[in-house]
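Heads up: the structure comes next, in structure tokens.
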Amino acid sequence: MTPRRIVITGASLAGLRTADSLRANGFTGELVLIGDEPHEPYDRPPLSKAVLAGRSGTDRLALPSTRDLDARWLLGVAATGLDLDARAVRLADGRDVGFDGLVIATGSRSRPWPVPEEAALRGVHLLRGRDDADRIRAGLAAGPRRVLVIGGGFTGSEVASSCRDLGLPVTVVLRGGAPMAGALGEVVGAAIGARQRAHGIDLRTRTTVTALHGDAEGRLRRAWLSDGDELDVDLAVVALGSVGNTEWLAGSGLVADPRGVECDAAGRALDVDGAVVPDVYVAGDVARWRHPHFDAEPQALQHWGNAVEQAEVAAHNLTHRHRRTAAALPAFWSDQFGLNIKSAGLPQLADQVVLTQGSFEQGPFAAAYGRGGVTVGAVAVDSPRVMDGYAALITERAPFPPAVNATDSPATAVLGAGFGSTELSGPDLTAVHGGQS
Amino acid sequence: MRVVVDLNRCQSYGQCVFAAPEVFRFRGAESLEYDHQPDAGSDRAVHRAALACPVQAITLGGPAVPEAAVTGASAVVGETR
């Protein structure tokens, strides 16, 4: 039975694609989208790149809809509660919105700096939404003496790259041994880190910020680091990963915590007994699920493509008798320091890595990741056209190390992948449990 | 016109850059950057770019939200039950 009114909480990529896909599947009932931001749905990846570097404005990132959605949009109002018995979503302004079908797509937000007085200093920023990006952009345009980036995951690295585009001095402080080590391991992370340093980044690995100090006007002036150094900084971006927007589900009976909302591969929300909750789906960054291809714990995959696929799966399953499951290979990209970085599979499950093409030192390269003799992930730097081949190897569970036989294959030993360090989780990997070596 | 490119799928063939250079461009050797909301004057070129993409990574469409919904959310509040 197709529901009459479907409510989607969250009006970003996953929410919009769910709505678009529901109409594409012939859903003619009532559609309500609820978003806490006042803006129409927009694309987030450019925020840390083209927007901060000044090549694009945040008012030019709206996402397309491929058809007339004929939806009711409740923007600028957050969902604050879910009553599964009454089948209603409670809004921040006290109203209730009833539903026959619900898609939870409330996403995640940046993990804040843990010291509230320091986080409140002017010049200390998080980067998640377009308003954040506008504030940071204004701060960068004012010409700070030095920018401090706290955290070396993807967001932190991209912010650092944008600051270098602007010619600003940048220090990146990260707890782990290499940038993006949480997603790519320390071996590949160190190779990319060396290129970041070549672009002038002051990269402080295995280091933490111990305190941020402001002046009498409450403006950031100085940072203390665990390596004993003090930095004069006017602007800091805190990039320490993210937490799921799940507080509004407290007491609802769903399994929801900062790591996300638990669901099955069909996107169906699970209750505290592990049972499927009828007609309630989860999609995007906030969905925590077990990918059917990998022997891994349930995890949130905070990837653009994952949001799209889960939205389409939820829309399909709300409108069809036969259920689909989300099974596309995880994939993400990053653009930084003129490098195009692509990943497929789940490198963070691996205990070994091998350079398969090119060189870690210069130019393009590709590396494959393995666990238990099986290829589970790959990364390609400045070589996007090789990625399909690696994705096929991961899909077919090819032996590790894989036989690539490329003309540029180096004779390189299999290395420990370098996961399981003390790096705070990167923004793309907050809920991932890495493989143990 | 609204444009979004699935950059997982994009393999930097550059056909879009040839078809609509005022909308699509490369940053570095292999990284695509583009205007999500190109001016109407680019519509034909952007359609050509989407058709030319060898991996079908480009999605085109219109605004998702009626203007009124963005400027005044309460104006389009649906009755609840």
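Some notes on this structure:
- Charge dipole (Cα centre; +1 on Lys/Arg Cβ, -1 on Asp/Glu Cβ; no other charges) of the stretch A:126-184 amounts to roughly 160 debye.
- Here the dipole of the protein assembly as shown is about 540 debye; that uses its Cα centre as origin and unit charges on the Cβ of Lys and Arg (positive) and Asp and Glu (negative).
- Rounded to 10°, Cα long-axis angle of helix B:43-52 versus longest principal axis of chain B: 60 degrees
- Radius, Kirkwood style, for the protein assembly as shown when every pair of distinct Cα atoms is counted (Å): 23.5 Å
- The loop-placed trypsin sites (Lys or Arg not before Pro) in the stretch A:148-218, going by DSSP, that have at most 15 neighbouring Cβ atoms within 10 Å of their Cβ come out as A:206.
- With at most 13 other Cβ atoms within 10 Å, longest stretch of chain A clear of loop GluC sites (Glu not before Pro) (DSSP): A:1-216
- Debye intensity ratio I(q)/I(0), log10, the stretch A:226-290, q values 0.23, 0.28 Å⁻¹ (C-alpha model): -0.93, -1.24
- Shape index of the stretch A:183-316: Rg/Rh, with Rg the Cα radius of gyration and Rh the Kirkwood radius from the inverse mean 1/r over Cα pairs, equals 1.12.
- Leading residue at positive end of dipole, the protein assembly as shown (Cβ point charges), from A:143, A:199, A:253: A:199
- Under 5 Å, built H, 5+ apart or other chain: amide partners of residue A:240: A:111
- Cα Rg over Rh - the stretch B:3-76, Kirkwood: 1.09
- Sequence-ordered 3J(HN,Hα) estimates for the stretch A:217-229 from the Karplus curve with 6.51, -1.76 and 1.60 and θ = phi - 60° stand at 8, x, 9, 4, 10, 8, 10, 9, 10, 5, 7, x, 7 Hz, glycine and proline given as x.
- Rg and Dmax, both from the Cα atoms of the stretch A:76-218 and both in Å, are 19.6, 59.
Readers should treat all values here as calculations from the given coordinates under stated rules, not as data from a laboratory. Bear in mind that the values here come from a model prediction, so they are computed numbers and not experimental data. Because the Cβ atoms are built from the backbone with ideal geometry, glycine has one as well, and the counts that use them run over all protein chains shown.
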